[in-house]
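Below you'll find the structure, written out as structure tokens, and then a few comments.
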Amino acid sequence: MLTFKEYIDLDSFTSQIYKQPVEPENYKYFIDLFCVLFRPVKEVWGKRYELEPYDIKTVPNYRDIIERITMDRVNGALIFFSTIGSELLQDSLTYLENQMTIAEREIGA
């Protein structure tokens, strides 16, 4: 589950990456972005796992590992989050439509 802290930091890092005018130093925020997304695994249960809790203060502890990440992992993460973002948006719209239908029935519309 994405926490509010993670969301805010992801949004902040993304804003820095795409800040205008685009400068080479903007891209240093990619490392920070991926430090949020690729945290160390804390525990594994079969096919499930738990990541270390997100804390911006622990990012420097594994920054050097993230700097060596390969593009197949980067692209996989970008596709995953793009896909899940689209699915969450669609699910939110479906939920709101259902809630609106229920509310209309309750008021007799």
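What's the number of the only condition in (1) among the basic types (Lys, Arg); (2) touching a helix residue (DSSP H, G or I) at 6+ places or on another chain (Cβ under 8 Å); (3) in a strand (DSSP E or B) that Lys42 fails to meet?
(2)
Could you say whether any residue in the range 43-51 is of a type in the set (Val, Ile, Thr) and surrounded by 10 or more Cβ atoms within 10 Å (Cβ to Cβ)?
Initial filter on the range 43-51 (of a type in the set (Val, Ile, Thr)): 44.
This time we only want the ones that are surrounded by 10 or more Cβ atoms within 10 Å (Cβ to Cβ), so: none.
Within the range 43-51, not a single residue is of a type in the set (Val, Ile, Thr) and surrounded by 10 or more Cβ atoms within 10 Å (Cβ to Cβ).
Going by what's in this entry, would Glu97 be described as farther than 19 Å from Thr3 by Cα and either outside the structural domain of Met1 (by TED's automatic domain parsing) or in contact with a Phe, Trp or Tyr (Cβ under 7 Å, 6 or more places away or on another chain) (or both)? Even if it seems obvious, please write down each step before you answer.
Numbers: farther than 19 Å from Thr3 by Cα: yes; either outside the structural domain of Met1 (by TED's automatic domain parsing) or in contact with a Phe, Trp or Tyr (Cβ under 7 Å, 6 or more places away or on another chain) (or both): yes.
When the stated conditions are applied, Glu97 passes them.
State which residue is surrounded by the most Cβ atoms within 10 Å (Cβ to Cβ) when the search covers only the range 55-109 and only residues that are over 19 Å from the mean Cα position of the chain (by Cα) and among the basic types (Lys, Arg).
Per the criteria, the residue is Arg105.
The values are calculated or read from the model by the stated rules, or taken from the named source; none is laboratory data. None of these values were measured; they are calculated from a predicted model. Quick reminder, even Gly has a Cβ in these numbers, built from the backbone with ideal geometry, and neighbours come from all protein chains shown.
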